[in-house]
Structure formats: C-alpha cells, structure tokens
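Visitor: Pasting a structure below so you can have a look.
What follows draws every value from the coordinates through simple rules; no lab data is involved. None of these values were measured; they are calculated from a predicted model. Cβ: placed from backbone, ideal geometry, glycine included. Neighbour counts: every protein chain shown.
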Amino acid sequence: MLRVCMGGSEASVSSCLLEQLGVAYGTVHSIPVSVVETLSSIELTRSKVGIPLGHAQDCPAAQGGGTELAGSFKIGCVTCVCDSRGRVLFTKRPMHFRAFPGNWVMPGGKVDPGETLRQAACRELHEEVGIDAREEQLELVCLWESCFPIRKSDGPLKSHVLALFFRLRLDLPFERIEVKVDSEEVDDFKWMVPSQVAEVLGIEDVSEGHKFALKFL
Ligand SMILES: [Zn+2]
C-alpha cells in the first residue's frame, strides 16, 4: 500500500508510484488499484479489480529519477466533462505555463491544503470554464502519474503529480452548455469526440495522461 499525503507537507513521494507499488521498471505501464481517500491522504493498493493507474513508458521518476523533487510532489484533479452525446471538453493551456505549455487538456489543477479531491475538482472547473458541478456528480475513472518534462532525456524533473481523472456527465448537448473561460488560465476550448482528440488537436499537443484517460470515458 502506498499512502500519498495531501496538503502542505507532500514529502511522501519522491519516486515512481508504480515502482513503489511493486511494478518492475519497463514491464507494465498501467495497473488496477483500489483508492481510499481520507481527509489528509490517498491510499493506493494494488488490486485485481480497481481503478487504472498509469504512467509514461519511460517514466522520468523511475529508477531514482524523482529524488531532486522530493518534498514537492503534488496531487491534481482533472474533470472530464462529457455532454449528452459523449463529447468531452478540452481547453488549451497558455504558452507561458511552466508545465505543458500550449497543450490541450481537460479542466483541472492542484489540490489546495485543506481541500478534498472533489472540492478541488469542482473549484478548478468553476474557475477555468465556469461550469458548476456537485461533488457527488464526479466519478473517479482513472489515475495518471504525470511528470514534466515527460522524458528523462529532457532534463531534471520540474513537476511530479498524481492526477485523478473524474467524469462529469451533463444532460445537455454541448451547444447548450455555457463555457466561460478564465483567460489567465485558458487560451481556447473545444468539445471533442474522444476517439478524435489526438487526431484533431495534434498528437504532440495532447499529453499521454489525457490520452490514457480518454480510454475510460
Ligand atoms: Zn512512474
């Protein structure tokens, strides 16, 4: 079992999450885990049936790669907003962002100290795209260990995050859903058919974690 602490003191993780759950480097890139959320931590346990946890094939945090970031590990929440016809909302990150500049992502962000995961997801959704959701509407679909830069060869890690992907199903077609973007955090938005996201937005501009999550929508 791996306990990931939330809040201010996030020193509990300094290397690859899958390695810490007993996965040998380079073998599998996704395992099912059971997820137990407490007020101050998330507990991940490898299990036969569970929520998929994935990471990059050449995870930069594996084999001692995350030690320079010890103490700055973060937890993030992403919301996959689906309209009544299965389209999903993507937003474009501004070029001045330190991690994943210009990438197309689903709305989300870091969990603040004192927040639950779902509170963070609802807050980010409201701030970034002006959509209001209730916590009980969010369904956890998968987890992704997100590193930036995404490849070991691109230099030392600047960001190491466990991203939890929630699905929010709305009963309206996208034409009737009002999206009000925060221009500080979002450059543009698009409603996409999940199977066409990488093709339409550009394979390099959609992160591997988001492509992973699209498989479970
Ligand atoms: Zn990893």
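Visitor: If each residue's Cβ is checked for other Cβ atoms within 10 Å, how do V179, V78 rank with the fewest at the top?
Guide: V179, V78
Visitor: Follow-up. Using the C-alpha gyration tensor of the range 167-217, what are the square roots of 5 times its eigenvalues, in whole angstrom, with the largest one first?
Guide: Semi-axis lengths for the range 167-217 are 20, 16, 11 Å.
Visitor: In straight Cα distance, which lysines are under 28 Å from K110, not counting same-chain residues fewer than 8 positions off?
Guide: Once the sequence-local lysines are set aside, what remains near K110 is K74, K92, K152, K158, K180, K190, K211, K215.
Visitor: What ranking of W191, W104, W144 emerges when the number of other C-beta atoms within 10 Å of each C-beta is taken as an exposure proxy, fewest first?
Guide: Working: W191 17, W104 23, W144 26.
Starting with the residue having the fewest Cβ neighbours, the order is W191, W104, W144.
Visitor: Hull surface divided by four, with the convex hull built on the Cα atoms of the range 2-214: how many nm²? If you can, show how the numbers build up before the last one.
Guide: On the way: hull surface 45.2 nm².
That works out to 11.3 nm².
Visitor: Angle check, please: helix 117-129 long axis (alpha carbons) against the longest principal axis of the chain (alpha carbons), in degrees 0 to 90, nearest 10.
Guide: 40
Visitor: Counting only C-alpha contacts under 8 Å and six or more residues apart, can you give the relative contact order of the chain as a whole percent?
Guide: 24
Visitor: Order these by the 10 Å Cβ neighbour count, fewest first: I177, I42.
Guide: Fewest to most other Cβ atoms nearby, the residues stand as I177, I42.
Visitor: Rank K48, K74, K180 by mean-square fluctuation in a GNM of the chain with C-alpha springs under 10 angstrom and give only the top-ranked residue.
Guide: K48
Visitor: List every residue whose amide H lies under 5 Å from the amide H of V78, counting only residues 5 or more places away in sequence or on a different chain, with H placed 1.01 Å from N in the peptide plane.
Guide: L164, F165, F166
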